[in-house]
Amino acid sequence: MTDNAGALFAGANALIFGGAKGIGKAVAQEWARRGARLAVADIAEDAAQETADEIVAAGGIAVALSANVMQDESVAAAASRAEAELGEIDIVMNNVGGMLNGHPEDIPMSEWQRIMDLNYFAAVRGVQHFLPKFLARGSGHIVNTASFAGLYPYAASRVPYAAAKAAVIAMTQNLAIYLEPQGIRVSCLIPGPVATSVMDSMTSWTEDCPMRGPGAETRLLLPQELATKLADGMEAGGILIPSDDVAFDIVKRWAASPDAFIRAKIAEFESGDRGNPEVPEEILKMMAPSS
Ligand SMILES: NC(=O)c1ccc[n+]([C@@H]2O[C@H](COP(=O)([O-])OP(=O)(O)OC[C@H]3O[C@@H](n4cnc5c(N)ncnc54)[C@H](O)[C@@H]3O)[C@@H](O)[C@H]2O)c1
């Protein structure tokens, strides 16, 4: 537990890149419920406005900002606007990410680079913008969103994404070593499967390349469940915050024998097991077409 446990969000100014939809939206709503004032920055301006309006309607404080995390100037401009609207930013979350699907030989170099830019360098942009300010103040909290795909091997149907998310995890935990002694908190949200529309914007580079999931021992979560898990984890002083602790059990199995783990994944897939997560009844009902 850290000194500020319990008081992390009350009165804090938080900026979320990619806060308009899905996980980012649920996190914005949860942090606002816990007393934070929100800047919701997103390329989808209407959705960002909708999220901010919903927070305000629920009694919170929120502004919507336009931002494209692929561009340094856009990140800097959104950060300046957030500061102008709310004051000094205490928590910045680099949450934008995007998926793809396909065999590695079918994915052009430009797409490998785009996926790295969207999932990794976008987070670096947010970090680079706020680091000098946080260091000068000796406070602040950086949150980067990774994925189970970057934590252990299974996501062979989207290798560039897995590599980019592994880079996010490596960056974030090393930043924690450097920054915690200087008063700055660092957390890495590591979601497993979450029911959002992330697949809608996914490019497929290979026809019939089956998606590979994180394993039958994992479970599909609602974004709100993940947002609660993240906020609780941050308040408890968490650095690596997985959506489900099963992720660390899986990593223990991988660490016991990485080669055996990888070969077991190959065998699983060959037997027809695509590693799909368990889908709870509640989510199945929500996804079912209404008759
Ligand atoms: N949903 C999952 O199962 C899952 C699992 C593991 C990790 N993640 C990660 O969680 C994060 C959020 O994903 P999600 O599932 O909520 O997806 P989502 O597609 O619902 O939300 C992504 C948000 O980012 C915004 N965005 C996209 N490109 C942008 C850009 N260039 N500049 C600014 N904003 C941009 C979108 O408009 C959207 O609001 C991502 O980093 C994703 O990789 C998701």
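The values are calculated or read from the model by the stated rules, or taken from the named source; none is laboratory data. Every value quoted in this text rests on a predicted model; they were computed, and no experiment measured them. Cβ sites come from the backbone with ideal geometry, for glycine too, and all protein chains shown count toward neighbours.
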Next item on the list: Test Ala195 against the criterion of being within 11 Å of the ligand (Cβ to nearest atom), over 20 Å from Gly102 (Cα atoms) and small (Gly, Ala, Ser), and give yes or no.
Entry: yes
Margin query: Regarding region 23-46, can at least one residue be identified that is within 15 Å of the ligand (Cβ to nearest atom), free of Cβ contacts under 8 Å to residues at least 40 places away in the same chain and more than 23 Å from Val198 (Cα to Cα)?
Written below: no
Check: Consider Asp46 against the criteria (1) touching a helix residue (DSSP H, G or I) at 6+ places or on another chain (Cβ under 9 Å); (2) of a type outside the set (Gly, Ala, Ser); (3) more than 14 Å from Gly126 (Cα to Cα): it satisfies all of them except one. Which criterion is unmet?
Finding: (1)
Item checked: Any pair with Cβ under 6 angstrom, 6 or more apart, that starts in region 51-76 at a residue that is more than 23 Å from Val124 (Cα to Cα) and ends at one that is assigned to a loop (DSSP other than H, G, I, E, B) and near the ligand (Cβ under 9 Å from one of its atoms) -> Thr51/Ala20
Checklist line | Unmet criterion (only one of (1) in a loop (DSSP other than H, G, I, E, B); (2) under 20 Å from the mean Cα position of the chain (by Cα)) for Arg274 | finding: (2)
Margin query: Let me spell it out: the conditions are (1) in contact (Cβ under 8 Å) with a residue 60 or more places away in the chain; (2) surrounded by fewer than 22 Cβ atoms within 10 Å (Cβ to Cβ), and Val96 meets all of them except one. Which number is the exception?
Written below: (2)
Check: Which one is nearest to the ligand (Cβ to nearest atom) among residues in region 143-164 that are free of Cβ contacts under 8 Å to residues at least 60 places away in the same chain, surrounded by fewer than 24 Cβ atoms within 10 Å (Cβ to Cβ) and over 16 Å from Met202 (Cα atoms)?
Finding: Gly150
Checklist line | helices (runs of 4 or more DSSP H) enclosed by region 42-153 - at least 2 residues per element that are of a type in the set (Val, Ile, Thr) | finding: 45-57, 122-137
Item checked: Tally of residues being among the β-branched types (Val, Ile, Thr) and surrounded by fewer than 18 Cβ atoms within 10 Å (Cβ to Cβ) across region 193-227 -> 3
Notebook entry, point to check: Looking at Ala260, Ala247, which one is outside any loop (DSSP other than H, G, I, E, B), in contact with a helix residue (DSSP H, G or I) (Cβ under 8 Å, 6 or more places away or on another chain), modelled with pLDDT of 95 or more and of a type outside the set (S, T, N, Q)?
Noted result: Ala247
Item checked: Selection from region 165-192 of residues that are within 16 Å of the ligand (Cβ to nearest atom), touching a residue at least 12 places away in the same chain (Cβ under 8 Å) and in a helix (DSSP H, G or I) -> Lys165, Ala166, Ala167, Val168, Ile169, Met171, Thr172
Notebook entry, point to check: Checking Asp106 against (1) farther than 20 Å from Leu131 by Cα; (2) buried (at least 20 other Cβ atoms within 10 Å of the Cβ), which test does it fail?
Noted result: (2)
Next item on the list: Could you check Lys229 against (1) within 14 Å of the chain's Cα centre (by Cα); (2) touching a residue at least 40 places away in the same chain (Cβ under 8 Å) and say which number it fails?
Entry: (2)
